[in-house]
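In what follows, a single structure is set out as structure tokens and then discussed.
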Amino acid sequence: MLPLASTAAGELSAAALQVLATVPGWWARRASEAGVSAQELSAAVAVEAPICPAVLEAVPPRRDLLDVGPAALGEAYVQALDPAVRTAGGRHYTPLPLAEVLWDQTVTALGSEPVGLVLDPACGAGALLVPAIRNFVARNTRTQPELVLASLPTAIAGRDLDPSAVWLANVVLAAEVLEVWAAVPSERRRPIPALCAAGDGLVAQEPAAQVVVMNPPYGRVRLDQAARLRHARSLYGHANIYALFMAAALDQVVAGGVVSALVPAGWLGGAYFQRLRAVLGETAPLQRLSFVSDRAGVFATGVLQETVVASFRAGAPARGIECQAISVGVEGVHTEHIGVGERPASCDQPWLLPRSSEDSPLVRAAAAMPDRLADHGWTVSTGPLVWNRMRDRLSRRPHKGSVKVLWAADMDGGVLRRHRRRDEHRYLQLRTERERGVFVLDRPAVLIQRTTSPEQPRRLVAGALDAEALAAWGGEVVVENHVNVLTCCDPSSALSTRLLVRLLDSQVLDRLYRCVTGSVAVSAYELGALPLPDAEVLASWAGLDDDALDDAIADAYGQKA
């Protein structure tokens, strides 16, 4: 099962009920602006509120929302939900400027304005469908109003598991056609059709859409066996709700149609998304990608991940990916063209795409490099100690069988220093040789912090646990799982510890890593995917001093001074 529970009246906070209680008054204002005499909402729109009218009538409405736009009304609703309910559903409603960006990008990817069905399978309060319905109305200004209204269900559709949000979406979309409805003689008026319905957007329905637009829920989800089998082609390891929606959209769009999604950027590089990348690459190549900057000022509910607007076209030939950066401010949306990115030869691998125009030469140079860490004899793993699982064996002082623990906090800017805050749990007691084989690191390595913060200037924070440093720590350590451990099994490797640390410490590799992933976590999988020079180039660097080596690294990655 998917934990995408609907929001029943009993789960709604008092603040959320206030937003819903405002809807009839909000509708009356829109009706008045359209020149329609005040109409009961239930009589004008073919949808009933999911909450007893008496309940809403007993709740004071929010006067500050009576004149807001449709996106602001939906945003107010999701902000008013209890945080636990909002988090459980992974809800982040879409600001109207981003909805318009997504729509414009969709039309560009399609090559024309859509004439078929536009579907949002996770519609929330309908913000992503507002540009679509406005476009539909504008295209049909010469069509008889009654025909326009009758054809709406074949043009616009939405689904969501939250019945209150669906009600909001239907009211918001109905308000967009009030002027058309007003043009119908009053004796022939019928309720404006409901375009959104409560339902599971992961289940394909007929007819298929020409365009799918969505800002699906975000968050890791636990699947039962039946759900895992149903989504098996795009699943690898942990499942994320938004990735399930991306894959499911491919079954809900016609050949030649477009899927556009506002989603975190983690699917571009993460290990758990490798099958999703393969499915997308094979069936619906990525056409356009927009990186959303300054998310703190865009999403009122808070989205920490790097976020993208991605547009795919079903059955289209693979081609270069048009990349751009977008930012939303008080003056509107600013767009910056970045350049053209290329998919890897094997689509399941991380997709190396420029995040800014300055990244394009870097990405081009890196894409031509043949080697990865494994090609030079290096392996990447995660520190094996999950400390809270062995809490009872950690101590301030050593006991029989104890080994020093090296914590992420001991990596001070890449320099290994024993952090006093971790001395309370400095030693781990190991009881068997098998445990020693699993936990003990007794040979030189390169260490990299696994967790960083969005504001941190570097993603890659590396330190050398060379022979000298290892001896200073007692000749052996246990590394906790917030640290990546890189070790070399090839003594003749051209990629020495010194060269590797210098590479990882360079601004070039740090920037390159950001072009592989949008996550603030530094994963072993993505480290292993970083493009590296071949052995001949690395061998030519062996005798260079630090300054010359830095210049050589920059030059190899297309970053000439």
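The values are calculated or read from the model by the stated rules, or taken from the named source; none is laboratory data. Computed from a predicted model, the values in this text were never measured in an experiment. Counting neighbours? That spans all protein chains shown, and the Cβs are built from the backbone with ideal geometry, glycine included.
Numbers at a glance
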quantity	calculated
Positions within segment 105-144 being assigned to a loop (DSSP other than H, G, I, E, B), without any contact (Cβ under 8 Å) to a residue 60 or more places away in the chain and under 29 Å from Ile321 (Cβ atoms), in sequence order	Gly111, Ser112, Glu113
Residue list for segment 363-394, filter: farther than 23 Å from Gly281 by Cα, assigned to a helix (DSSP H, G or I) and of a type outside the set (Gly, Ala, Ser)	Leu373, Asp375, His376, Trp387, Asn388, Arg389, Arg391, Asp392, Arg393
Options Ala521, Ala539, Ala529; residue that is modelled with pLDDT of 95 or more and of a type in the set (A, V, I, L, M)	Ala539
Test: Leu73 is in contact (Cβ under 8 Å) with a residue 24 or more places away in the chain and either more than 33 Å from the chain's Cα centre (by Cα) or buried (at least 19 other Cβ atoms within 10 Å of the Cβ) (or both)	yes
Flag for Pro153 being part of a helix (DSSP H, G or I) and either touching a Phe, Trp or Tyr at 6+ places or on another chain (Cβ under 6 Å) or within 14 Å of Val23 (Cβ to Cβ) (or both)	no
Contacts under 6 angstrom Cβ, first residue in segment 459-483 being of a type in the set (S, T, N, Q), partner exposed (fewer than 15 other Cβ atoms within 10 Å of the Cβ) and part of a loop (DSSP other than H, G, I, E, B), 6 or more apart	Asn481/Val386
Which listed residue, of Val363, Val380, is assigned by TED's automatic domain parsing to the domain that holds Leu495, among the aliphatic types (A, V, I, L, M) and touching a strand residue (DSSP E or B) at 6+ places or on another chain (Cβ under 8 Å)	Val380
Evaluation of Arg389 against (1) among the basic types (Lys, Arg); (2) surrounded by fewer than 15 Cβ atoms within 10 Å (Cβ to Cβ); (3) touching a strand residue (DSSP E or B) at 6+ places or on another chain (Cβ under 9 Å) (one fails), failing number	(3)
Those residues of segment 465-484 which are farther than 20 Å from Ser402 by Cβ and surrounded by fewer than 23 Cβ atoms within 10 Å (Cβ to Cβ), in sequence order	Asp466, Ala467, Glu468, His482
Matching residues, segment 345-362, being of a type in the set (A, V, I, L, M), within 15 Å of Glu282 (Cα to Cα) and crowded, with 17+ Cβ neighbours inside 10 Å	none
Conditions (1) over 29 Å from His399 (Cα atoms); (2) in contact with a helix residue (DSSP H, G or I) (Cβ under 7 Å, 6 or more places away or on another chain): number failed by Leu428	(1)
Residue that is among the hydroxyl-bearing types (Ser, Thr, Tyr) and at pLDDT 90 or above, where the choices are Thr108, Thr94, Thr87	Thr108
Residue that is surrounded by the most Cβ atoms within 10 Å (Cβ to Cβ) [pool: residues in segment 29-70 that are polar (S, T, N, Q) and not in a helix (DSSP H, G or I)]	Gln39
Residue list for segment 405-423, restricted to those being buried (at least 17 other Cβ atoms within 10 Å of the Cβ), in contact (Cβ under 8 Å) with a residue 40 or more places away in the chain and not in a loop (DSSP other than H, G, I, E, B)	Val405, Leu406, Ala408, Met411, Leu416
Output for segment 440-457, where each listed residue is of a type outside the set (A, V, I, L, M), crowded, with 19+ Cβ neighbours inside 10 Å and touching a helix residue (DSSP H, G or I) at 6+ places or on another chain (Cβ under 6 Å)	Gln449
Test result for Val137, at pLDDT 95 or above and either more than 20 Å from Asn215 (Cα to Cα) or buried (at least 24 other Cβ atoms within 10 Å of the Cβ) (or both)	yes
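Listed here are the residues, each with its yes/no results for (1) polar (S, T, N, Q); (2) surrounded by fewer than 19 Cβ atoms within 10 Å (Cβ to Cβ).
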| residue | (1), (2) |
| --- | --- |
| Val101 | no, no |
| Ser112 | yes, yes |
| Gly126 | no, no |
| Ile133 | no, no |
| Thr143 | yes, yes |
| Asn170 | yes, no |
| Val180 | no, no |
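This table checks each residue for (1) in contact (Cβ under 8 Å) with a residue 60 or more places away in the chain; (2) surrounded by fewer than 17 Cβ atoms within 10 Å (Cβ to Cβ).
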residue: Arg511; (1), (2): yes, no
residue: Val522; (1), (2): yes, no
residue: Glu526; (1), (2): yes, no
residue: Leu530; (1), (2): yes, no
residue: Asp534; (1), (2): yes, yes
residue: Ala548; (1), (2): no, yes
residue: Asp555; (1), (2): no, yes
residue: Lys560; (1), (2): no, yes
